[in-house]
Each structure stands twice: as structure tokens, then as C-alpha cells.
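Laboratory data are not the source of any read-out in this text; all were calculated from the coordinates shown. The structure displayed is predicted, hence computed values, not measured ones. Positions of Cβ are backbone-derived with ideal geometry, glycine not excepted, and every protein chain shown enters the neighbour counts.
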Amino acid sequence: MGLIQKGHRSRTSNLHFTFYGDLLGIGAAYQLSPQVAYEKLNSFYNTVFNRFEPLCDNPNSPVHVQMFSDSVVMWGSYATEILELLQQVYLDLARKNLLLRGALVDGALVKEPRVEVKHFRKFLPTNDTLARAVGLEKTVKGARLLIESALARKLLSSHSEWLTLEGYMDQFCPNVPASDVLRRICPSPSATSYELLYFWRQSPAVDDNDIADRLKEVAEFHEAHVGDHLRETLKVLKRSEMRRRRTEQLLGACRS
């Protein structure tokens, strides 16, 4: 695995996390056609598997992933690196017209060891990390990747000025490359948590006009509660683009 390997340690590698996410719109898809819903779920499962299988195919992996129905739960260490992988998952899904809403919280899930048999599995959490992740994820609409404030403070401990929008613009730290995932952590509009501006790719900028146009058009064909998810996703795309442009402007001014 390129991101997490023996000998590699970032400044936040020891941070533990729990992530919960669910795929939006599966209930409506089942009402239209069980086959359509199955195909969406199949694509969702394959996308997450392809990104995380190289990491999890190791008995000593620091990360655990469990998927069921339209949901995914992840927990372990290496919070910064997991954000990088989750960004790729979100982008992969967006290209496939799939919207994932999730939240990353501080602390790794702990579950009680239970006696199991082949066809009777048990999953009993003994701490509140999963409950916090689920609760935070439900507070917003759209394909969002929320980050609990307590975890964001730890992730940005070396750049505490970035915990506010003004602080990011005033203290943009030219020694941190534009590709650093920490630059994509931003206060959410509600100011109750943070979010990852995942549409700002770590590779050279990619034009997302096609995704934006599709979100706007499809939103017009849905009732408000569904259209709101699409419009809120579009806002994430716009915020991602604004921060990318602002960062490039600041870094460019620093070099000139």
C-alpha cells in the first residue's frame, strides 16, 4: 500500500478515527427497480473495495472496513491517510453518479468480542464513536464528508490558524504543498463541524463542469428533499473550487 507502509509516519499517523457513511438515494432506487438499486450498491461496494482492499488485505492492517446494505463503517489509525483515500472514494463515486454522505470522528471504534458461528455474526460497540459518526452524518444533506471538530483540531494541530476561514487566508503556510489533504479541511457552513472539500483533487486541477451541470439538471427532476441533496453536493464542489483558486493565488503571490 503506497499511503501506509512500514516506516512511513506522518505527523498525525497516530490519530485514531471512526468513519460512517451511507449511500444516498438507495430507497428511492428500490422503489423504481430492485435491479437498479442492486447495480448502484454493487458499484458502491466495488468502488470502496478497490480503494481499501490493498490496505486491508493484511492481518496487521491498522484499518478495518465493514460494509452492509448501503452503509460503510471504517475505524483504526492513520486519520490523515484515510482522508486521502476517502477523498478518492468520494470522487470515484461522484463520477458514477453515486452520492456518499459520511462523517469522520475522533477515536477508533471498539467492539466487544463475542462468541460467533458461521451464520451468526455479532457487532456490539463498547464506545460511542460509531454513534457519534452516525449522528454527525445525519445533520446535513448532500454528499458530504464531515469531520468532527475534536478530530479536526488534532489534524490541524500544526496549522491551528486553519481552523477558521480567515486564519487559512491570513496564514496559508507556503511551505505546505497545495496537494496536502489538510488544506482541504474547512469549517462547515453551519460552523458545527468541519468538512473535507474533496472535489479539490490532489492531482492537477480537473474541470468539474460536467459534474456540476449534471447535478443542477437532475435536481430539477426531483422533489425538494431529493433535490436538496444534489444542490448541497453542488455547493461542496463550488467551495472546493473557491479554496483551490484562493490557495493557488496565495502560493503564486508568495513565489513572485
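Suppose we filter E241, E217, E232 for residues that are more than 20 Å from L100 (Cβ to Cβ), of a type outside the set (K, R) and either in a helix (DSSP H, G or I) or out of contact with any Lys or Arg (no Cβ under 6 Å at 6 or more places or on another chain) (or both); which single one remains? None of the other options fit; the residue is E217.
If I ask for residues that are out of contact with any Ser or Thr (no Cβ under 9 Å at 6 or more places or on another chain) and either over 13 Å from R239 (Cα atoms) or of a type in the set (A, V, I, L, M) (or both), which ones from region 181-195 would you list? Residues satisfying the conditions are I185, A191.
Quick grid of which residues meet (1) surrounded by 12 or more Cβ atoms within 10 Å (Cβ to Cβ); (2) of a type in the set (D, E, K, R):
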| position | (1), (2) |
| --- | --- |
| R121 | no, yes |
| D170 | no, yes |
| L196 | yes, no |
| R201 | yes, yes |
| R231 | yes, yes |
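Of the numbered criteria (1) in contact with a helix residue (DSSP H, G or I) (Cβ under 9 Å, 6 or more places away or on another chain); (2) more than 28 Å from Y38 (Cβ to Cβ), the one V89 fails is (2). Within region 67-90, residues that are in a loop (DSSP other than H, G, I, E, B) sit with their Cβ atoms under 6 Å from residues that are hydroxyl-bearing (S, T, Y), at 6+ positions apart or across chains, in these pairs: Y78/S13. Starting from residues that are among the aliphatic types (A, V, I, L, M) and over 10 Å from the mean Cα position of the chain (by Cα), keep the ones in region 87-111 and report whichever is farthest from V236 (Cα to Cα). The qualifying residue farthest from V236 (Cα to Cα) is V110. Filtering region 88-97 to residues that are in contact with a Lys or Arg (Cβ under 9 Å, 6 or more places away or on another chain) and surrounded by fewer than 21 Cβ atoms within 10 Å (Cβ to Cβ) leaves Q88, L91, D92, K96, N97. Annotation for region 141-160: at least one member residue is surrounded by 13 or more Cβ atoms within 10 Å (Cβ to Cβ), part of a helix (DSSP H, G or I), of a type in the set (D, E, K, R) and in contact with a helix residue (DSSP H, G or I) (Cβ under 7 Å, 6 or more places away or on another chain).
Among the criteria (1) among the acidic types (D, E); (2) without any contact (Cβ under 8 Å) to a residue 60 or more places away in the chain; (3) closer than 26 Å to L85 by Cβ; (4) part of a helix (DSSP H, G or I), the one E166 does not fulfil is (3).
Inside region 9-66, residues that are in a strand (DSSP E or B) and of a type in the set (D, E, K, R) make up a count of 1.
Restricting attention to region 180-188, does a residue exist that is aliphatic (A, V, I, L, M), touching a residue at least 12 places away in the same chain (Cβ under 8 Å) and not in a helix (DSSP H, G or I)? Yes, region 180-188 has at least one match.
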